[in-house]
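The values are calculated or read from the model by the stated rules, or taken from the named source; none is laboratory data. Everything numeric here is computed off the predicted structure, so don't read it as measured data. Every residue, glycine among them, receives a Cβ derived from its backbone with ideal geometry; neighbour counts consider all protein chains shown. Side chains included, ligands, DNA and RNA excluded: accessible areas come from the protein's heavy atoms. Shrake-Rupley method; radii C 1.70, N 1.55, O 1.52, S 1.80 Å.
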Amino acid sequence: MEEKPNLPVIVQNDPWLEPQTEAILHRTRRFGEALAEIREKSGSLLAYAGGHRFSGIHFKPADKQWLVREWAPEAKAVSLIGDFNNWDREANPLERKDGGIWELKLAPDALAHGEKVKLHIHGADDSRRDRLPATITRAVQDPATHDYSGQIWSPPEPYVWKNNFDPSVIKAPFIYESHTGMAGEEPRAHTYREFADNILPRVHKAGYNTVQLMAVQEHPYYGSFGYHVSSFFAACSRFGTPEDLKYLVDTAHGMGIAMILDVVHSHAVKNMSEGLNDFDGSGHQYFHAGEKGDHPQWDSKCFDYGRPEVKQFLLSNVRYWLEEYRFDGFRFDGITSMLYHSHGNRAFGSYDDYFGDDADEEAILYLKLANELISEIKPGAIVVAEDMSGMPGLCRPNSEGGIGFTHRLAMGIPDHWIKLLKHSRDEDWNLDELWDTITNRRHGEATIAYAESHDQALVGDKTLAFRLMDKEMYWHMDKDDKHPVIERGIALHKIIRLLTLAFGGEGWLSFMGNEFGHPEWLDFPREGNGWSYHYCR
């Protein structure tokens, strides 16, 4: 092929993308202009992503005072309430500043570690609601009322890190996808420290070099699997304290294991009392106004990625988890929903579908900036995209015209295995089709292969082991019992994993317990099962 140096690298590597050259160059120009503007105004992308250090509740030793700031541009009034003032909504009003910022200064002894706080916001619509600060770093739930409050977290003895870790040593990620709460055997929510002490040694012994930790960002409903986030900067308090999570990450690093966070920036919980929805009463602060702000499939809210303050909020969230908890990267949830105005709820038949009017260029710009920021803070970080659409260039650097992720999930592979087991006899498997599915990935874009993840273990579906052997597992698992269902099931279970691992990509993922396979499904405590933990452990 004739070399065309003016074309983006991703187009040079894939000539079929040439008709999309202008769209790719447009994305590259927008990224360059946005980055230049950020650097001009803030000095650097890192400084720009420091919004969590400006907003929130912080003690300032040099000034010997507490400083409270909140962005609520259309609110009519904001006050701080909590244990410190007996929840008096009139006692400590914040003062309106430029740019929609509200500010309050308090004496050094006004707030204390562990005290509960909220903001009382008189909204643009004349609503009056008690809300959690947007960048609160700890949120706790009252066991009796189930009401959430922010909590001042300023321990007298901060956590002391013991291990340094460089994620660039991980050349091929072998990922153990994990949920802290269900990681133990007892019918309860387990803790960060229990995971560190009891689970990590088994993960290490099994040969995994990466743990993907789910449900870390605070979420009000346990059964959401952590995907309806309310407080983006708060580590889930169900599993312990911030120091406990740091201990988990530190322990993993001591074993040579990278820790990546399952981060949710694709949507947010609709709840007003715990989350960001209608924060200032305008109906369009963090999220799009009207129907565009509602995610129809997920019953959640959609961020307005084009609003500078929202972009800065999310970029600051990326920086916070990398620096405060020393995570080694992210698995970005629901990327397909972000990339397209249709949330990807459509067929993708040609390259035009990835670069046409349906592409959400504001979300794409945010993702490019997020990946640039990650690479600046932690070179070698693992950044995995959960994308079902196959967006070209998603996992190539910004400098090549890509979006900057390091890996994508091979989401078609587990779906194909389920389809085969559901609808085909063993002797009717089409090996050409199977080979095409397992090896169908973009050249030069690293892929994480998996036979099944947490999605295949949820209520309404079955693990591969249960689908293959079903009730016979309860009676015929003895080595001396040569039951044909078990013999077939074990053989196919091994074959499925062997083929996926060998040919599916440049990395591997397994949901915890699926090294063999959960004998049954997973089911979070909910009203329909009497709030039972029986299947959530």
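Only one of the listed residues (Asp250, Asp262) is open to solvent by less than 10 Å² (accessible area, probe 1.4 Å), among the charged types (D, E, K, R), assigned to a strand (DSSP E or B) and within 23 Å of Arg319 (Cα to Cα). That residue is Asp262. When the residues of segment 390-449 are filtered to those that are at positive phi and touching a Cys at 6+ places or on another chain (Cβ under 9 Å), which remaining residue is least open to solvent (accessible area, probe 1.4 Å)? Among those that are at positive phi and touching a Cys at 6+ places or on another chain (Cβ under 9 Å), it is Gly404.
When His146 is tested against (1) on the phi > 0 side of the Ramachandran plot; (2) open to solvent by less than 70 Å² (accessible area, probe 1.4 Å), just one condition goes unmet, and that condition is (2).
Exactly one residue among Ser337, Ser375, Ser389, Ser316 is within 19 Å of Gly412 (Cα to Cα), out of contact with any strand residue (DSSP E or B) (no Cβ under 6 Å at 6 or more places or on another chain), part of a helix (DSSP H, G or I) and not acidic (Asp, Glu), and that residue is Ser337. The set of residues in segment 117-129 being crowded, with 19+ Cβ neighbours inside 10 Å and charged (D, E, K, R) consists of Lys118 alone. Can you pull out the residues in segment 217-232 that are modelled with pLDDT of 95 or more and over 20 Å from Leu314 (Cα atoms)? Within segment 217-232, no residue meets the criteria.
Taken over segment 209-222, the criterion of being farther than 18 Å from Arg537 by Cβ and either open to solvent by less than 10 Å² (accessible area, probe 1.4 Å) or touching a helix residue (DSSP H, G or I) at 6+ places or on another chain (Cβ under 9 Å) (or both) is satisfied by Asn209, Thr210, Val211, Gln212, Val216, Gln217, Glu218, His219.
Checked against (1) touching a strand residue (DSSP E or B) at 6+ places or on another chain (Cβ under 6 Å); (2) assigned to a helix (DSSP H, G or I), Phe84 passes all but a single condition, namely (1).
For (1) in contact (Cβ under 8 Å) with a residue 12 or more places away in the chain; (2) under 28 Å from Tyr227 (Cα atoms); (3) in a loop (DSSP other than H, G, I, E, B), each residue gets a yes or a no:
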{"position": "Asp436", "(1), (2), (3)": "no, no, no"}
{"position": "Gly444", "(1), (2), (3)": "yes, no, yes"}
{"position": "Ala451", "(1), (2), (3)": "yes, yes, yes"}
{"position": "Gln456", "(1), (2), (3)": "yes, yes, no"}
{"position": "Phe466", "(1), (2), (3)": "yes, yes, no"}
{"position": "Lys471", "(1), (2), (3)": "no, no, no"}
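State yes or no: is Ser231 hydroxyl-bearing (Ser, Thr, Tyr) and open to solvent by 10 Å² or more (accessible area, probe 1.4 Å)?
In short, no.
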